[in-house]
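Enquirer: Pasting a structure below so you can have a look.
The values are calculated or read from the model by the stated rules, or taken from the named source; none is laboratory data. Not measured: the values here are computed from a predicted model. Every residue, glycine among them, receives a Cβ derived from its backbone with ideal geometry; neighbour counts consider all protein chains shown. Each accessible area value is taken on the protein alone, full model and side chains, heavy atoms only, with ligands, DNA and RNA left out. Shrake-Rupley method; radii C 1.70, N 1.55, O 1.52, S 1.80 Å.
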Amino acid sequence: MRGYAFSQYIPSNLPKGGFEDLFKLFLELLNYTAGDANEALDWMNELDKQHNITSKEYGMGDFIEDLKNKGYLSDNEPDGGFKITAKAEQTIRQSALEEIFGKLKKSGKGNHNAPQSGTGEEKNADRREYQFGDSSDQIDMTASIQNAQINHGIGDFMMTERDLEVEERDYKTLTSTVLMIDISHSMILYGEDRITPAKKVAMALAELIRTKYPKDTLDIVVFGNDAWPITIKDLPYLQVGPYHTNTYAGLELAADILRRRKTHNKQIFMITDGKPTCLKEGLKYYKNSIGLDKKVVNKTLTMAAQCKRLNIPITTFMIAQDPYLQQFVRKFTEVNGGRAFYSSLKGLGEYIFEDYIKNRRKTVR
């Protein structure tokens, strides 16, 4: 009978001492501890005991002192503990951006263009014949001269309008996005942490927009039994709660936020791992976690249709593989006219970034 032999797992990517290596680990642990610096440092001390991540020359005390001196850690808490600073919060967002966007650049994702094209701000790989109204700086002179040589020969060189080849360009539009994050209890059930990857994506997207697309807007809505907006500053501290999933409330709040935005391009990104299970009726909650409750589902689909009438497409990132959940998402997507991705946690960031950058590009004749 064939069996399996188990051995002790020894991580190979642990730091070997020095501030920079330890700092990367500290930032990663802050994602899992919801921004709790004291818990993250406790974990680091435990890792140090087991795997010797510090050295004789540079100990954990040196690291903590450097965190304070560099402005990442404050020890002015009433309980005598530590708290991360605004500088640390921004560094966590930057780290998430580098982690996700770095993968995009390596894989070539994130630069897909729409099927139509025309004048705009960024060149793309498409070429076409010159048309009346195209600007002269769009003409690819090297390709046009080559066309003229092929069409008329070198001896009696001439160039006509039909020889001219034009570089297509993409026109970038302003976009208002609401990112909805499911914080129901199922986001940490079954031994799988789904909230940390969702937080990382939100922080990375916020940092991308802040640095590369500062005129765009990003609002973040979390939803459990209720829905409420949070700020970018709140993201490192986000945790799940003992909640059901009130998708209707999240969509209603997201649509209300986007209704007040003056931009033409509006969209909702929704990260969830389950079906809608909750509605609020007056001061009471209607909850049913068994199967797909028709009352909850129908009201959620009605809200999806209302978003469609407001020209707000919803892109759903479903991080669960249950067939009956996927059936609901397909119906939800059909009603809204949006899109759906059945994504693993590992690929979540790349999918969202690719879709965001694709959606903010408009191409016109």
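Enquirer: Kindly write out, for segment 55-72 in residue order, the coupling ³J(HN,Hα) from the Karplus curve 6.51 cos²θ - 1.76 cosθ + 1.60 (θ = phi - 60°), rounded to whole Hz, with x marking Gly and Pro.
Expert: Once rounded to whole Hz, the list reads 10, 5, 7, 9, x, 5, x, 5, 5, 4, 5, 5, 4, 5, 5, 8, x, 9.
Enquirer: Evaluate the charge dipole of segment 175-361 about its Cα centre and quote only its size in Debye, nearest 20, assuming +1 on the Cβ of each Lys and Arg and -1 on the Cβ of each Asp and Glu. Display every interim value, and only then the final one.
Expert: On the way: 28 positive and 18 negative charges, 145 e Å.
Result for segment 175-361 is approximately 700 debye, rounded to the nearest 20.
Enquirer: Could you tell me which of 19, 34, 45 has its Cα farthest along the dipole of segment 19-84 towards the positive end, charges placed at Cβ (Lys, Arg +1; Asp, Glu -1), taken about the Cα centre?
Expert: The one lying farthest along the dipole's positive direction is 19.
Enquirer: Based on the mean of other Cβ atoms within 10 Å per residue, sort peptides 89-97, 305-313 so the most packed one is first.
Expert: Values: 89-97: 21.0, 305-313: 15.6.
The packing order, highest mean first, is 89-97, 305-313.
Enquirer: Moving on to the next point. Take the cross-link list 87/212; 87/200; 87/280 and give me the ones stretching past 28 Å between alpha-carbons.
Expert: Numbers: 87/212 19 Å; 87/200 17 Å; 87/280 38 Å.
87/280, as the Cα separations exceed 28 Å there.
Enquirer: Report the accessible area of residue 289, computed with a 1.4 Å probe over the heavy atoms of all protein chains in place, in Å² rounded to the nearest 10.
Expert: 60
Enquirer: With the crude spin-label approximation of a point 7 Å out along Cα→Cβ, what separation in nm comes out for residue 19 versus residue 46?
Expert: 2.8
Enquirer: Which residues in segment 17-33 place their backbone N less than 15 Å from a point set 7 Å from the Cα of residue 57 along the Cα-to-Cβ direction?
Expert: The answer is 17-22.
Enquirer: Another question, if that's okay. Would you mind calculating the gained length between residue 342 and residue 128 on full extension (0.36 nm times residue separation, minus the Cα-Cα distance), in nm to one decimal?
Expert: Numbers: separation 214, 0.36 × 214 = 77.04 nm, distance 3.60 nm.
Computed gain between residue 342 and residue 128 is 73.4 nm.
Enquirer: Sorted by mean Cβ packing within 10 Å, highest first, what order do the peptides 323-330, 266-273 take? Present the calculation step by step, with values, prior to reporting the outcome.
Expert: Numbers: 323-330: 13.9, 266-273: 24.5.
In descending order of packing, they fall as 266-273, 323-330.
Enquirer: Just to be sure I understand: of the beta bridges DSSP finds with both ends in segment 254-365, what percent are antiparallel, rounded to 5?
Expert: Bridges in segment 254-365 that DSSP calls antiparallel: roughly 30 percent.
Enquirer: Between residue 286 and residue 69, what length in nm is gained on full extension when 0.36 nm per residue of separation is reduced by their alpha carbon distance?
Expert: Details: separation 217, 0.36 × 217 = 78.12 nm, distance 5.10 nm.
This chain segment gains 73.0 nm when fully extended.
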